[in-house]
Amino acid sequence: MKKLSVGLLATLAACALIGCISQKAPAEQAVASAETSLSAIRDTAQKYAPDQLQTVEAQLTAMKENLSKGDYQAVLAAAPNVNSSIKGLEDVADNKKAEVDAALAKAKDQWGPMSTDVPKMVDAIQTRVDTLSKAHHLPKGVTKDKVASAKSGLDSMKSSWADASNAAATGDFTTAVSKGQAVKDQAADLMKSLAMSSS
(Lines give C-alpha, C1' and ligand atoms only; values in the text may rest on other atoms or scores of the structure.)
Protein backbone atom coordinates (compact mmCIF):
# COMPACT_ATOMS: atom_id res chain seq x y z
CA MET A 1 0.00 0.00 0.00
CA LYS A 2 2.84 2.34 0.93
CA LYS A 3 4.64 1.50 -2.31
CA LEU A 4 1.42 2.25 -4.19
CA SER A 5 1.08 5.62 -2.44
CA VAL A 6 4.64 6.59 -3.29
CA GLY A 7 4.08 5.51 -6.88
CA LEU A 8 0.83 7.43 -7.03
CA LEU A 9 2.47 10.54 -5.62
CA ALA A 10 5.29 10.27 -8.12
CA THR A 11 2.78 9.88 -10.93
CA LEU A 12 0.79 12.89 -9.71
CA ALA A 13 3.96 14.96 -9.43
CA ALA A 14 4.97 13.94 -12.93
CA CYS A 15 1.51 14.84 -14.23
CA ALA A 16 1.69 18.22 -12.52
CA LEU A 17 5.14 18.78 -13.98
CA ILE A 18 3.97 17.75 -17.44
CA GLY A 19 0.98 20.06 -16.96
CA CYS A 20 3.33 22.90 -16.13
CA ILE A 21 5.59 22.11 -19.06
CA SER A 22 2.61 21.89 -21.41
CA GLN A 23 1.49 25.35 -20.21
CA LYS A 24 4.95 26.91 -20.28
CA ALA A 25 5.27 27.18 -24.06
CA PRO A 26 1.81 28.75 -24.58
CA ALA A 27 2.46 31.14 -21.66
CA GLU A 28 5.80 32.23 -23.14
CA GLN A 29 4.15 32.62 -26.53
CA ALA A 30 1.35 34.71 -24.99
CA VAL A 31 3.84 37.08 -23.36
CA ALA A 32 5.98 37.32 -26.50
CA SER A 33 2.91 37.99 -28.65
CA ALA A 34 1.64 40.72 -26.30
CA GLU A 35 5.10 42.33 -26.19
CA THR A 36 5.32 42.33 -29.99
CA SER A 37 1.84 43.83 -30.36
CA LEU A 38 2.52 46.56 -27.81
CA SER A 39 5.94 47.32 -29.25
CA ALA A 40 4.37 47.94 -32.68
CA ILE A 41 2.11 50.71 -31.33
CA ARG A 42 4.19 52.01 -28.39
CA ASP A 43 5.50 55.18 -30.12
CA THR A 44 2.06 56.26 -31.33
CA ALA A 45 0.48 55.39 -27.97
CA GLN A 46 3.21 57.29 -26.08
CA LYS A 47 2.38 60.40 -28.07
CA TYR A 48 -1.40 60.20 -28.19
CA ALA A 49 -2.52 58.01 -25.24
CA PRO A 50 0.29 57.99 -22.64
CA ASP A 51 -1.96 57.32 -19.61
CA GLN A 52 -3.61 54.33 -21.21
CA LEU A 53 -0.22 53.05 -22.34
CA GLN A 54 0.98 53.05 -18.72
CA THR A 55 -2.01 50.92 -17.71
CA VAL A 56 -1.39 48.37 -20.47
CA GLU A 57 2.34 48.24 -19.69
CA ALA A 58 1.50 47.51 -16.04
CA GLN A 59 -0.74 44.61 -17.17
CA LEU A 60 2.03 43.23 -19.36
CA THR A 61 4.57 43.57 -16.53
CA ALA A 62 2.28 41.53 -14.26
CA MET A 63 2.08 38.85 -16.95
CA LYS A 64 5.87 38.73 -17.25
CA GLU A 65 6.25 38.50 -13.47
CA ASN A 66 3.87 35.54 -13.37
CA LEU A 67 5.83 33.91 -16.20
CA SER A 68 9.11 34.31 -14.30
CA LYS A 69 7.45 32.79 -11.19
CA GLY A 70 6.26 29.82 -13.23
CA ASP A 71 2.60 30.68 -12.76
CA TYR A 72 1.73 29.85 -16.36
CA GLN A 73 -1.95 29.44 -15.62
CA ALA A 74 -2.15 33.06 -14.44
CA VAL A 75 -0.31 34.18 -17.57
CA LEU A 76 -2.72 32.35 -19.85
CA ALA A 77 -5.70 33.61 -17.88
CA ALA A 78 -4.52 37.23 -18.19
CA ALA A 79 -3.57 37.03 -21.88
CA PRO A 80 -7.04 37.68 -23.42
CA ASN A 81 -7.58 40.75 -21.24
CA VAL A 82 -4.09 42.12 -21.99
CA ASN A 83 -4.54 41.56 -25.74
CA SER A 84 -7.91 43.29 -25.56
CA SER A 85 -6.32 46.22 -23.71
CA ILE A 86 -3.58 46.51 -26.35
CA LYS A 87 -6.20 46.55 -29.12
CA GLY A 88 -8.19 49.20 -27.22
CA LEU A 89 -5.04 51.26 -26.75
CA GLU A 90 -4.31 51.05 -30.47
CA ASP A 91 -7.83 52.25 -31.32
CA VAL A 92 -7.65 55.19 -28.89
CA ALA A 93 -4.18 56.23 -30.12
CA ASP A 94 -5.20 55.93 -33.79
CA ASN A 95 -8.37 57.97 -33.22
CA LYS A 96 -6.47 60.65 -31.32
CA LYS A 97 -3.81 60.77 -34.04
CA ALA A 98 -6.51 61.17 -36.70
CA GLU A 99 -8.03 64.07 -34.72
CA VAL A 100 -4.66 65.78 -34.34
CA ASP A 101 -3.82 65.26 -38.02
CA ALA A 102 -7.19 66.71 -39.06
CA ALA A 103 -6.72 69.72 -36.77
CA LEU A 104 -3.21 70.23 -38.16
CA ALA A 105 -4.47 70.08 -41.75
CA LYS A 106 -7.17 72.62 -40.92
CA ALA A 107 -4.65 74.90 -39.21
CA LYS A 108 -2.33 74.62 -42.21
CA ASP A 109 -5.17 75.78 -44.48
CA GLN A 110 -5.91 78.71 -42.14
CA TRP A 111 -2.26 79.72 -41.94
CA GLY A 112 -2.03 80.41 -45.69
CA PRO A 113 -4.31 83.47 -45.82
CA MET A 114 -3.37 84.51 -42.28
CA SER A 115 0.32 84.66 -43.18
CA THR A 116 -0.57 87.23 -45.83
CA ASP A 117 -3.30 89.21 -44.07
CA VAL A 118 -1.71 89.80 -40.67
CA PRO A 119 1.59 91.31 -41.90
CA LYS A 120 -0.46 93.68 -44.08
CA MET A 121 -2.48 94.75 -41.01
CA VAL A 122 0.71 95.26 -38.96
CA ASP A 123 2.30 97.29 -41.76
CA ALA A 124 -0.84 99.43 -42.09
CA ILE A 125 -0.84 100.11 -38.35
CA GLN A 126 2.87 100.99 -38.46
CA THR A 127 2.23 103.47 -41.28
CA ARG A 128 -0.75 104.94 -39.42
CA VAL A 129 1.24 105.31 -36.19
CA ASP A 130 4.13 106.97 -38.04
CA THR A 131 1.72 109.39 -39.73
CA LEU A 132 -0.19 110.22 -36.53
CA SER A 133 3.02 110.68 -34.56
CA LYS A 134 3.98 113.54 -36.89
CA ALA A 135 0.48 115.01 -37.22
CA HIS A 136 -0.39 118.32 -35.51
CA HIS A 137 -4.07 117.41 -35.28
CA LEU A 138 -5.28 113.92 -34.55
CA PRO A 139 -8.46 112.56 -36.17
CA LYS A 140 -11.69 112.59 -34.18
CA GLY A 141 -11.70 109.89 -31.52
CA VAL A 142 -7.94 109.34 -31.68
CA THR A 143 -5.88 110.53 -28.71
CA LYS A 144 -2.16 110.77 -28.01
CA ASP A 145 -2.57 107.95 -25.50
CA LYS A 146 -4.11 105.71 -28.15
CA VAL A 147 -1.21 106.43 -30.51
CA ALA A 148 1.31 105.69 -27.74
CA SER A 149 -0.56 102.49 -26.88
CA ALA A 150 -0.52 101.48 -30.53
CA LYS A 151 3.26 102.03 -30.67
CA SER A 152 3.90 99.64 -27.75
CA GLY A 153 1.24 97.28 -29.11
CA LEU A 154 3.11 97.07 -32.41
CA ASP A 155 6.25 95.81 -30.66
CA SER A 156 4.43 93.00 -28.88
CA MET A 157 2.53 92.13 -32.06
CA LYS A 158 5.73 91.87 -34.09
CA SER A 159 7.28 89.65 -31.43
CA SER A 160 4.21 87.40 -31.27
CA TRP A 161 4.04 87.25 -35.06
CA ALA A 162 7.69 86.16 -35.18
CA ASP A 163 6.80 83.33 -32.76
CA ALA A 164 3.85 82.35 -34.95
CA SER A 165 6.01 82.34 -38.09
CA ASN A 166 8.68 80.24 -36.37
CA ALA A 167 6.04 77.71 -35.31
CA ALA A 168 4.77 77.50 -38.90
CA ALA A 169 8.33 77.03 -40.16
CA THR A 170 8.68 73.93 -37.94
CA GLY A 171 5.35 72.54 -39.16
CA ASP A 172 3.46 73.37 -35.95
CA PHE A 173 0.56 75.10 -37.69
CA THR A 174 -1.79 74.65 -34.73
CA THR A 175 0.43 76.86 -32.55
CA ALA A 176 1.12 79.20 -35.47
CA VAL A 177 -2.59 79.81 -36.08
CA SER A 178 -3.31 80.21 -32.35
CA LYS A 179 -0.58 82.85 -31.95
CA GLY A 180 -1.39 84.41 -35.33
CA GLN A 181 -5.07 84.77 -34.44
CA ALA A 182 -4.12 86.58 -31.22
CA VAL A 183 -2.02 89.04 -33.26
CA LYS A 184 -4.86 89.47 -35.77
CA ASP A 185 -7.34 90.24 -32.98
CA GLN A 186 -4.94 92.71 -31.40
CA ALA A 187 -4.34 94.35 -34.79
CA ALA A 188 -8.09 94.71 -35.36
CA ASP A 189 -8.47 96.40 -31.95
CA LEU A 190 -5.59 98.79 -32.66
CA MET A 191 -6.97 99.68 -36.09
CA LYS A 192 -10.27 100.51 -34.47
CA SER A 193 -8.61 102.68 -31.81
CA LEU A 194 -6.71 104.57 -34.55
CA ALA A 195 -9.89 105.12 -36.59
CA MET A 196 -8.66 102.87 -39.38
CA SER A 197 -10.75 100.76 -41.69
CA SER A 198 -10.01 97.05 -41.06
CA SER A 199 -11.44 96.03 -44.43
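The values are calculated or read from the model by the stated rules, or taken from the named source; none is laboratory data. Small disclaimer: the values here were computed from a predicted structure and weren't measured. All Cβ positions, even for glycine, are placed from backbone atoms using ideal geometry, and neighbour counts span all protein chains on display. Heads up: the accessible areas ignore ligands, DNA and RNA and are worked out on the full protein's heavy atoms, side chains in. Shrake-Rupley method; radii C 1.70, N 1.55, O 1.52, S 1.80 Å.
Listed values, structure above:
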quantity: Ile41, Ile125, ranked by accessible area, largest first (probe 1.4 Å); calculated: Ile41, Ile125
quantity: Percent breakdown of C-alpha pair distances by 5 Å bin, ordered from the shortest bin, for the range 136-199; calculated: 4, 18, 23, 18, 15, 10, 6, 4, 1, 0
quantity: Between 0 and 90°, nearest 10: helix 144-169 axis offset from the chain longest Cα axis; calculated: 40
quantity: Rounded to 10°, Cα long-axis angle of helix 50-69 versus longest principal axis of the chain; calculated: 20
quantity: Shape parameters for the chain, alpha-carbon atoms, Rg then Dmax in Å; calculated: 33.4, 124
quantity: Probe 1.4 Å, all protein chains present, accessible-area order of Ser68, Ser160, largest first; calculated: Ser68, Ser160
quantity: Accessible surface of the chain [probe 1.4 Å, protein heavy atoms]: carbon and sulfur percent; calculated: 56
quantity: Environment charge at Leu138 (Cβ cut-off 9 Å; Lys +1, Arg +1, Asp -1, Glu -1); calculated: +3
